[in-house]
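Below you'll find the structure, written out as structure tokens, and then a few comments.
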Amino acid sequence: MFKRFDGDTRKPVEIFVDGRPVVAREGDTVSAALLASGLDVRRKTAVSGAPRLPYCMMGVCFDCLVTVDGMGNRQGCLIPVRPGMQIEIQKGKREIGR
Amino acid sequence: MRSSYDIVVVGGGLLGSAIAWGLGRIGQQVCVLDEGDIAKRASRANFALVWVQSKGLGMPAYTSWTMQASDSWPKLAEELREQTGLDVCFQRNGGFHLALGEEELEQRSLLLKRLHNQPGAVDYKMEILGREQVEKMLPHIGPEVAGGSFCPYDGHVNSLRTFRALHTGMAKFGVDYRPEHPVSEIRYDQGEFRLTGPNGEEIRAGKVVLAAGNANQTLAPMVGLEAPMGPTRGQIVVTERTMPFLPHPLSTVRQTDEGTVMIGDSKEDMLDDSVLNLSISSVMADRAQRMFPLLGRLNVVRSWSGIRVMPKDGFPIYEQSETCPGAFVACCHSGVTLAPNHAFEIAPMVAAGALDTNKLGSFSAKRFATSDVRTSGYY
């Protein structure tokens, strides 16, 4: 759905999405990298389990909630990617202690 | 809209709507006069426990009344679900009061002894459990938890949905609900009540039930009743939603059906619900985190304060006026816990025109004339 434009010359950054390697770019937010990955990155909401993707991309709507390096309910649109980052698509509520 | 009813209920909070729902359910023509959204409404600011343990110290009748409510909650939840399709998520698998440290556990044991030693109190099987027993039922407790008290009749509910269900159900029973309609005057004339609304208009009824929370203090004397109150403020901290980890509600921490964790439950002698005392929130959050260290990783998403409806001694007031028969006053702190009693017990008594003194005699406001003891009706 999303396609990176050809003139994007930023350095590649390898992250992992549910264990699969994904090449993002330096300066991407987690949400941008997920949307550009081509994978099915839909999370499930906490109460009804409805599917959601990042929406506002500016920290307001909380539809980008994701587990980053073992911590749940992070706002993916506000976190820049780092090499080796472990992203888990969150299915439902955050787990206690994560 | 009509201007004459069998019964007018003043106040459309949890207590007023439970009574009005109960009256509509048995075919009475009822009107509810309510304030608007700016009302300081305990129905929208409460901890949602259906709570038995430790209630009734100083008044054994309150213990029986509370037990009856706990036993009737499944019936209320089921009737509301059938009528409105709303699941109020009532759960009764027992609740805890946890003690941090041996001293707190000792204090709790003493309270339990005092409750047991009260003549005439029903046994609600509250017991003190040591740390190991508690840990079997609440696996995430922290190292400071010395134990706690457990009562199998304690539970909790989604109180906002209960409020919504009662209002939805009320409408289905044909009850007229009028918000933005505070009552400024009530006159009693030849067996009829005339209630004056905000624009001077009058509504007439054969009976009136005052269920206006703290406003009962000013309304009750208009019909020869009294409702001495000593309201307090409480604060709540709410976390983001998390997977179910807390299988039983606690007196101060509970996980809601939708996953948030509510942390309470402070008491202050002030009545401004528009500000928060952050030092109180931090003590509550700190204690909750010592009970369940994993809570420390959760984000807080809301905190708020609310005003409790609190009769002076903490126990409910139910009474019919002697000088204006047909006028009733009802107020209590535990509008969530006692909702089934208000719907299934108080409402039929009001419709019949007499409160059952065997059950409700202790709750007359006349007790305030003879005793100034301030005990506590809660936790």
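The values are calculated or read from the model by the stated rules, or taken from the named source; none is laboratory data. The shown structure was predicted, so the numbers you read here are calculated from the model rather than taken from an experiment. Positions of Cβ are generated from backbone atoms using ideal geometry, with glycine treated the same way; all protein chains shown enter the neighbour counts.
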message = It is to be established whether one or more residues within segment B:233-242 are touching a His at 6+ places or on another chain (Cβ under 9 Å) and not in a helix (DSSP H, G or I).
response = no
key: Residues that are more than 14 Å from chain A (Cβ to nearest Cβ), touching a Lys or Arg at 6+ places or on another chain (Cβ under 9 Å) and assigned to a loop (DSSP other than H, G, I, E, B), drawn from segment B:254-270   = B:Gly264, B:Ser266, B:Lys267, B:Asp269, B:Met270
ask   = Looking only at strands (runs of 3 or more DSSP E) that fall completely inside segment A:46-98, which ones have 1 or more residues that are among the acidic types (Asp, Glu)?
value = A:86-88
ask   = Looking at segment B:238-253, which of the residues that are within 7 Å of chain A (Cβ to nearest Cβ) and hydrophobic (A, V, I, L, M, F, W, C) is nearest to B:His140 (Cα to Cα)?
value = B:Phe245
task = Could you grab me the full set of residues in segment A:30-44 that are part of a loop (DSSP other than H, G, I, E, B) and buried (at least 17 other Cβ atoms within 10 Å of the Cβ)?
result = A:Ser37, A:Val41
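Condition check ((1) exposed (fewer than 14 other Cβ atoms within 10 Å of the Cβ); (2) assigned to a helix (DSSP H, G or I)) across all residues:
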{"site": "B:Ser279", "(1), (2)": "yes, yes"}
{"site": "B:Ser282", "(1), (2)": "yes, yes"}
{"site": "B:Arg290", "(1), (2)": "no, yes"}
{"site": "B:Gly296", "(1), (2)": "yes, yes"}
{"site": "B:Gly314", "(1), (2)": "no, no"}
{"site": "B:Phe328", "(1), (2)": "no, no"}
{"site": "B:Met349", "(1), (2)": "no, yes"}
{"site": "B:Ala354", "(1), (2)": "yes, no"}
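Here is a yes/no grid of residues against (1) more than 30 Å from B:Gly16 (Cα to Cα); (2) of a type in the set (Phe, Trp, Tyr); (3) in contact with a Ser or Thr (Cβ under 8 Å, 6 or more places away or on another chain); (4) not assigned by TED's automatic domain parsing to the domain that holds B:Val8:
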| residue | (1), (2), (3), (4) |
| --- | --- |
| B:Pro74 | no, no, no, no |
| B:Gly101 | yes, no, no, yes |
| B:Gln107 | yes, no, no, yes |
| B:Leu112 | yes, no, yes, yes |
| B:Glu127 | yes, no, yes, yes |
| B:Glu132 | yes, no, no, yes |
| B:Met137 | yes, no, no, yes |
| B:Gly148 | yes, no, no, yes |
ask   = Can you tell me which of B:Val223, B:Val237 is over 29 Å from B:Ser364 (Cβ atoms), in contact with a strand residue (DSSP E or B) (Cβ under 9 Å, 6 or more places away or on another chain), crowded, with 21+ Cβ neighbours inside 10 Å and at pLDDT 95 or above?
value = B:Val237
key: Enumeration of residues in segment B:183-201 that are modelled with pLDDT under 95 and within 27 Å of B:Arg25 (Cβ to Cβ)   = B:Gly191, B:Gly197
ask   = Which one of the conditions (1) of a type in the set (D, E, K, R); (2) within 14 Å of chain A (Cβ to nearest Cβ); (3) touching a strand residue (DSSP E or B) at 6+ places or on another chain (Cβ under 6 Å); (4) in a loop (DSSP other than H, G, I, E, B) does B:Asp273 fail to meet, given that it meets all the rest?
value = (2)
key: Checklist (1) buried (at least 22 other Cβ atoms within 10 Å of the Cβ); (2) touching a residue at least 60 places away in the same chain (Cβ under 8 Å) applied to B:Glu180, failing item   = (1)
inquiry  = Restricting to segment A:47-88, and then to whatever is surrounded by fewer than 16 Cβ atoms within 10 Å (Cβ to Cβ) and among the β-branched types (Val, Ile, Thr), can you tell me which residue is nearest to the other protein chains (Cβ to nearest Cβ)?
reply    = A:Val47
Residue within segment B:340-356 that is free of Cβ contacts under 8 Å to residues at least 24 places away in the same chain and more than 30 Å from B:Leu23 (Cβ to Cβ) present = no
request  = Grab the strands (runs of 3 or more DSSP E) fully contained in segment B:151-226, keeping just those with 2 or more residues being assigned by TED's automatic domain parsing to the domain that holds B:Ala352, more than 18 Å from the chain's Cα centre (by Cα) and not charged (D, E, K, R).
outcome  = B:185-189, B:192-196, B:202-210
request  = With respect to A:Arg42, determine if the residue is touching a strand residue (DSSP E or B) at 6+ places or on another chain (Cβ under 7 Å) and within 14 Å of chain B (Cβ to nearest Cβ).
outcome  = no
note = Within segment B:96-113, residues under 25 Å from B:Pro247 (Cβ atoms), hydrophobic (A, V, I, L, M, F, W, C) and not in a strand (DSSP E or B) come out as B:Leu105, B:Leu111, B:Leu112
request  = Within segment B:122-142, track down each residue that is of a type in the set (Val, Ile, Thr) and not in a strand (DSSP E or B).
outcome  = B:Val122, B:Val134, B:Ile141
remark   = Flagged in segment B:251-276 as surrounded by 19 or more Cβ atoms within 10 Å (Cβ to Cβ), under 16 Å from the mean Cα position of the chain (by Cα) and not polar (S, T, N, Q), in numbering order, are B:Gly264, B:Asp265
